[in-house]
Amino acid sequence: MIVFLKARRKLARGVISSVSCTGSDPNIRCIASGTGGDYSSLFVITSLDGGKTWIYKNLDSRPADRSIANCTGNGKKAVCVIAGSTADDKFYVSRDGGNTWTLKNILGGSSDRY
């Protein structure tokens, strides 16, 4: 699926590979992960209102197949993950409903365990 996203007065083109929503009204959180139009970057778009509006964030400028997005929980306490088959054994996690993202190692130290 090729999409055009208008977020914060900026037009971005990319391919969305996964979407996940969690929560209940009025705290439905949705994330969608994908790659930039040239497949050289990873982005996430986050909705804090059940998909009515979306916020675009570029997560990584390195190409990687992080094609799985999943969220669980409700509102600002939702935990979201973006993962996939990557050579670097890393994934992104958000513990605040998709507002901020951290790159973690799958087989990292104790701070990377979930």
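Read the figures in this text as sums done on the coordinates, not as results from a lab. The structure displayed is predicted, hence computed values, not measured ones. Virtual Cβ from ideal backbone geometry, glycine too; neighbours counted across all protein chains shown.
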Report task. Determine the gain in length on full extension of the stretch Asn74-Asp96; use 0.36 nm per residue of separation and subtract their C-alpha separation, reporting nm with one decimal. Result -> 7.0 nm
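With Cβ to Cβ distances under 11 Å as the rule, what net charge do the other residues near Asn27 carry (K, R +1; D, E -1)? Before the final figure, lay out the partial values.
Details: positive: Arg29, Lys76, Lys77; negative: Asp25, Asp49.
Charge balance near Asn27 sits at +1.
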Query raised in the report: Label-point separation (nm) for Leu103 and Leu59, each offset 7 Å from Cα along Cα-to-Cβ?
Result: 1.1
